[in-house]
Amino acid sequence: MTDPINPTRRSILTAGAAALALGGLSATRTAAQATNAVSAPQGRRMLGALEVSAIGLGVQNHSRTFHTTIPNRAEMHKIVRTAVDQGVTFIDTAEVYGPHESERILGEATGTIRDQIQIATKFGFNVDLETGEWAPGLISDPSHIKRAVEGSLQRLRTDRIDLLYQHRVDPTVPIEDVAGAVRDLMDEGKVLHWGLSEMGPNTLRRAHAELPVAAVQNEYSMLWRGPENGLLALCAELGIGFVPFSPLGYGFLTGAIDMGTSFAPGDFRANTSRMDPEHREANLALVELVKAWATRKNAAPGQIALAWLMAQGPSIVPIPGTTQMPHLLENNAARDVSFSQAELAELNAQVAAIDVQGARMPPMVAEWSDVEAPAQG
Ligand SMILES: NC(=O)c1ccc[n+]([C@@H]2O[C@H](COP(=O)([O-])OP(=O)(O)OC[C@H]3O[C@@H](n4cnc5c(N)ncnc54)[C@H](OP(=O)(O)O)[C@@H]3O)[C@@H](O)[C@H]2O)c1
């Protein structure tokens, strides 16, 4: 069984295969970003019309970690409940995580606290609705979306999904048709808000014109600043929230990875060339940077990475993923780290000065990003 986003069991992905050059990302910030970038406030944030906690929790790894170990189920339940006790109410999963298992574990954890939380899940990968077997490809035809959502609702033990994303754009299905299916689900009360992930910008505009979009979920962190090249500005223009996935750079920005780290066979990170030793050495400059700021702000390096993200705009809600209680507590406390305007300007400039080397994804995964949906008819 395979997992397309974090394909630790995909034999077709080989280490070092990725060759996308990410250097030269523009350091230019839009006026909107600059205005919003004041501090990392505590409390709640809006994704379109959906109110969520300022930091969320990603539970992709609650069924299997990057290291391919299977976490203890009861401990994962405890992590979710502790997060909610601490005010972290925005929890992110997907049909394809596991597949199906992450949603199941989340559903087991949240039965009695369902009304206190906002659940985000996703459809769009070719997951067998019954068996959970994943086959290559994307699938967003309207009838499939509706059946996939029924499965998610069952596994999540709920009657509604607060935020439903299309996980990747299906290049064969007009986004207006996808919006139509989601609108039908909204009319039935099964979906409350919707979003897209890693879509092309024109597809986002068309989707939003058809059915207002609450949030975009894309990779964004100090390690991957691609959204600064127009996407954050587009979301601000349209009033769409932004949910950075892998906000800790898959753990890199916590300082947990150094030149001595080797990845387990099948660990997604082994297949991203930015983690190859030749590139990692240069990229560790970012780790040195967050460590220096951690000392200065009496915080942990990962907290600096999360607080920096939240400081980039008022509708940015990172969803760090963890399977460990101490990490959860540390990540949640990033809400208490804030920057003055001067500090933020200094940190932004320092981040922008580091030219991240290597690719963020293997080519087989990267080809699903920035896809534009076909026109209708
Ligand atoms: N839309 C998409 O295509 C997409 C793609 C990828 C991810 N996502 C979502 O984004 C969420 C988060 O992304 P992610 O898990 O890939 O990456 P991440 O949040 O950047 O990093 C997670 C990694 O960092 C480690 N970690 C977390 N907190 C730590 C801490 N305080 N100190 C040291 N290590 C720490 C975790 O290990 P431990 O478990 O040991 O803490 C894990 O290995 C996922 O759960 C998923 O919901 C979405």
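The values are calculated or read from the model by the stated rules, or taken from the named source; none is laboratory data. Note that the structure is predicted; figures quoted are calculated from it, not measured. Here the Cβ is made from the backbone with ideal geometry for all residues, glycine too, and neighbour counts use every protein chain on show.
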Note on L248: of the conditions (1) assigned to a helix (DSSP H, G or I); (2) within 12 Å of the ligand (Cβ to nearest atom); (3) buried (at least 24 other Cβ atoms within 10 Å of the Cβ), unmet is (1)
From L138, L153, grab the single residue that is touching a residue at least 60 places away in the same chain (Cβ under 8 Å) and closer than 30 Å to Q376 by Cβ.
-> L138
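Tally time: how many residues in the range 78-106 are closer than 22 Å to L129 by Cβ and among the aromatic types (F, W, Y)? Reasoning before the result, please.
So in the range 78-106, the residues closer than 22 Å to L129 by Cβ come out as 92-106.
Narrowing further to those that are among the aromatic types (F, W, Y): 97.
Looking only at that region, the number is 1.
How many residues are within 17 Å of W293 (Cα to Cα) and either touching a residue at least 24 places away in the same chain (Cβ under 8 Å) or more than 7 Å from the ligand (Cβ to nearest atom) (or both) if we restrict to the range 252-262? Working first, answer last.
Of the residues in the range 252-262, the ones within 17 Å of W293 (Cα to Cα) are 252-256.
Cutting the leftovers down to either touching a residue at least 24 places away in the same chain (Cβ under 8 Å) or more than 7 Å from the ligand (Cβ to nearest atom) (or both) gives us 252-255.
Final tally of qualifying residues: 4.
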May I ask you to list pairs of residues, at least six apart or on different chains, whose Cβ atoms are under 7 Å apart, with the first in the range 308-330 being in a helix (DSSP H, G or I) and the second being hydrophobic (A, V, I, L, M, F, W, C) and within 11 Å of the ligand (Cβ to nearest atom)?
-> W308/M222; M325/I79; L328/I79; E330/A300
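Can you find a residue in the range 291-305 that is under 16 Å from the mean Cα position of the chain (by Cα), more than 8 Å from the ligand (Cβ to nearest atom) and closer than 22 Å to S340 by Cβ?
yes
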Going through (1) among the hydrophobic types (A, V, I, L, M, F, W, C); (2) closer than 16 Å to A373 by Cβ; (3) out of contact with any strand residue (DSSP E or B) (no Cβ under 7 Å at 6 or more places or on another chain) one by one, L196 fails only at (3)
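Within the range 108-134, how many residues are in a helix (DSSP H, G or I), surrounded by 16 or more Cβ atoms within 10 Å (Cβ to Cβ) and not charged (D, E, K, R)?
Counting residues in the range 108-134 that are in a helix (DSSP H, G or I), surrounded by 16 or more Cβ atoms within 10 Å (Cβ to Cβ) and not charged (D, E, K, R) gives 2.
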Would you be able to say whether some residue in the range 56-74 is within 13 Å of the ligand (Cβ to nearest atom) and among the basic types (K, R)?
-> yes
Among the numbered conditions (1) within 26 Å of L329 (Cα to Cα); (2) outside any loop (DSSP other than H, G, I, E, B); (3) not acidic (D, E), tell me where N283 comes up short.
-> (1)
How about the range 355-368: which of its residues are part of a loop (DSSP other than H, G, I, E, B) and crowded, with 18+ Cβ neighbours inside 10 Å?
-> V356, Q357, G358, A359, R360, M361, P362, W368
Among (1) over 26 Å from V169 (Cβ atoms); (2) at pLDDT below 95, the one test that T272 misses | (1)
Looking at A214, A285, A209, which one is buried (at least 24 other Cβ atoms within 10 Å of the Cβ) and either over 28 Å from V337 (Cβ atoms) or away from the ligand (no atom under 12 Å from the Cβ) (or both)?
-> A214
Condition broken by G195, with the remaining ones in (1) surrounded by fewer than 24 Cβ atoms within 10 Å (Cβ to Cβ); (2) under 23 Å from Q312 (Cβ atoms) satisfied = (1)
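Which residue is nearest to V96 (Cα to Cα), if the candidates are limited to the range 165-175 and must be surrounded by 18 or more Cβ atoms within 10 Å (Cβ to Cβ) and more than 14 Å from the ligand (Cβ to nearest atom)?
Let us first name the residues in the range 165-175 that are surrounded by 18 or more Cβ atoms within 10 Å (Cβ to Cβ), namely 165-170, 173-175.
Retained after the next criterion (residues that are more than 14 Å from the ligand (Cβ to nearest atom)): 170, 173-175.
Numbers: D170: 15, V173: 19, P174: 22, I175: 20 Å.
Result: D170.
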Filtered residue count, the range 217-245, keeping only those that are crowded, with 24+ Cβ neighbours inside 10 Å, more than 11 Å from the ligand (Cβ to nearest atom) and not hydrophobic (A, V, I, L, M, F, W, C) | 1
